[in-house]
Amino acid sequence: MIRPGDVFLLADNVGIAAFAITGMLTGIRHRLDIIGILTAGYLTAFGGGIMRDAMIGRIPYVFQDPVPSSVATISVLLVLAFYFIKKRRASRIEQSRITIFFDAIGLSSFSIAAALLAIDRDLNLFGVVWIAFITATGGGMVRDMLLNRVPKLLFTEFYGTISILIGLLLYLLSRYDLHRNEGVLIVIFVSSVLLRLAAYRWNWSLPVPDSSGSTDDRSEN
């Protein structure tokens with residue numbers, strides 16, 4: 001068994017790095033300047049965690065521990081430097097695929113970290129699922145609203161659904177004290193990343209009510 005603090009910090013920092021890169025790439029695709037790109041990266045990386053910490057009644061640990069901000073900054077600067085060294089040769093399709101890859105990692109990592117934290121706080125099933133959901137999707141939701149886009153969790157392939165499934169599964173496993181088993185966590189992480197990538201590849205999504213004649217004003221994802 002692994003210690004609670006270790007798995008939370010590992011999953012959270014992996015999520016921070018992945019979501020910072022996702023936010024940065026989204027900023028580049030929307031032709032933001034450097035400040036805008038950094039803002040998009042930080043919002044995506046920290047927005048959900050700040051919401052989570054506010055809901056469980058603690059000071060956001062990103063404001064107390066220097067590691068999260070360092071992880072986000074280094075991740076963004078490294079990828080940004082690589083992007084400019086390559087002289088922006090990556091096509092929009094390639095950028096989109098890279099974004100989805102890191103987004104899948106961040107989504108899975110944040111969902112796992114948040115669900116474990118909620119379980120440690122003795123929250124009920126709804127609390128665990130909700131904390132996992134808002135942590136994994138909150139930052140991207142704020143970023144999308146800032147960019148005047150419909151938050152993709154409202155329509156994109158299995159986005160919020162994966163977070164809900166992770167929260168539900170870990171809560172059920174906690175009833176048997178299996179939620180911190182290394183093998184179990186690795187299987188959940190890999191499976192959720194693959195599910196997100198498969199949903200993107202084959203355009204899987206939840207059923208959408210028919211609204212014939214309505215205007216689809218969603219911005220490009």
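What follows draws every value from the coordinates through simple rules; no lab data is involved. Quick caveat: nothing in here was measured; it's all calculated off a predicted structure. Because the Cβ atoms are built from the backbone with ideal geometry, glycine has one as well, and the counts that use them run over all protein chains shown.
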message: From zero outward in steps of 10 Å, how is the percent of C-alpha pairs of segment 106-145 spread across the bins?
response: 36, 48, 16, 1
field: Ratio of the Cα radius of gyration of segment 29-176 to 2.2 N^0.38 Å, where N counts its residues
entry: 1.10
query: What list of whole percents do you get for P(r) of segment 96-213, with Cα-Cα distances grouped in 10 Å bins up to the one holding the largest distance?
result: 14, 44, 31, 10, 1, 0
- line: Computed for the chain: size of charge dipole around the Cα centre, +1 on C-beta of each Lys and Arg, -1 on C-beta of each Asp and Glu, debye to nearest 20, value 660
message: Could you tell me which residue out of 125, 28, 50 lies farthest along the dipole of segment 1-142 toward its positive end? Charges go on the beta carbon: Lys and Arg +1, Asp and Glu -1, centred on the Cα centre.
response: 28
